[in-house]
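Peer 1: Can you keep this structure in mind? I'll have questions shortly.
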Amino acid sequence: MKKVILSGIFALCSIGIFAQTNTNNLPSTAQDYIQQNFSSANVKEVKENSKWQIWEDEKFEVILSNGLELDLDENGNIIEIESQNDTVIPMSALPSKIVSYIEENYTDAQVIGWEKQKKEQEIELADGTELEFDGEANFRKID
């Protein structure tokens, strides 16, 4: 019985050690980006994807307490922001050219998703509208 109790205590302690929310393993670029744009939310979890997954661009996945999930490349550059519960993404977290387009054409719109690929960027608005931009954030079309 003693062994079972000790094993249980050890298991709980080890879970606490491996499920840390420490951002120290993130590149400074990522740490700065999170602090500047999401300072009101706490980091719940940081996952580092292994190097053998070469088909994925994302190296780090950061889950915030407000329901946003950030995907970053190996240099700490943001490549995707996804809302798990329709949490609005702060405009400060988006490229300024895209923000200007949204403010001019979609007054009071709320952004709940953004993804950057090599040659395009996509925005998802809370009303379901999807906007497509090129790599330099020039508007292409409504998707």
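Peer 1: Can SER100 be described as assigned to a helix (DSSP H, G or I), within 15 Å of PHE38 (Cβ to Cβ) and not assigned by TED's automatic domain parsing to the domain that holds SER39?
Peer 2: no
Peer 1: OK, next. On the basis of being of a type in the set (S, T, N, Q), within 15 Å of the chain's Cα centre (by Cα) and part of a helix (DSSP H, G or I), does SER92 make the cut?
Peer 2: Criteria met by SER92.
Peer 1: In this structure, is GLU45 surrounded by fewer than 17 Cβ atoms within 10 Å (Cβ to Cβ) and within 12 Å of the chain's Cα centre (by Cα)?
Peer 2: So GLU45 passes the test.
Peer 1: Please work out if GLU130 is at pLDDT 95 or above and outside the structural domain of VAL46 (by TED's automatic domain parsing).
Peer 2: yes
Peer 1: I've got another one for you. Which pairs turn up if I take residues in region 73-97 that are under 20 Å from VAL46 (Cβ atoms) and modelled with pLDDT of 95 or more and look for partners that are of a type in the set (Asp, Glu) and assigned to a loop (DSSP other than H, G, I, E, B) with beta carbon separation below 6 Å, at least 6 apart in sequence or on another chain?
Peer 2: Pairs that qualify, where the first residue is under 20 Å from VAL46 (Cβ atoms) and modelled with pLDDT of 95 or more and the partner is of a type in the set (Asp, Glu) and assigned to a loop (DSSP other than H, G, I, E, B), are ILE79/ASP57; ILE79/ASP73.
Peer 1: Now, a different point. Among the listed residues ASP108, ASP71, identify the single one that is in a loop (DSSP other than H, G, I, E, B) and not hydrophobic (A, V, I, L, M, F, W, C).
Peer 2: Every option except ASP108 fails the conditions.
Peer 1: Can you tell me which residues in region 59-98 are out of contact with any helix residue (DSSP H, G or I) (no Cβ under 6 Å at 6 or more places or on another chain) and at positive phi?
Peer 2: GLY67, ASP86
The values are calculated or read from the model by the stated rules, or taken from the named source; none is laboratory data. Source: prediction; values computed, not measured. Positions of Cβ are backbone-derived with ideal geometry, glycine not excepted, and every protein chain shown enters the neighbour counts.
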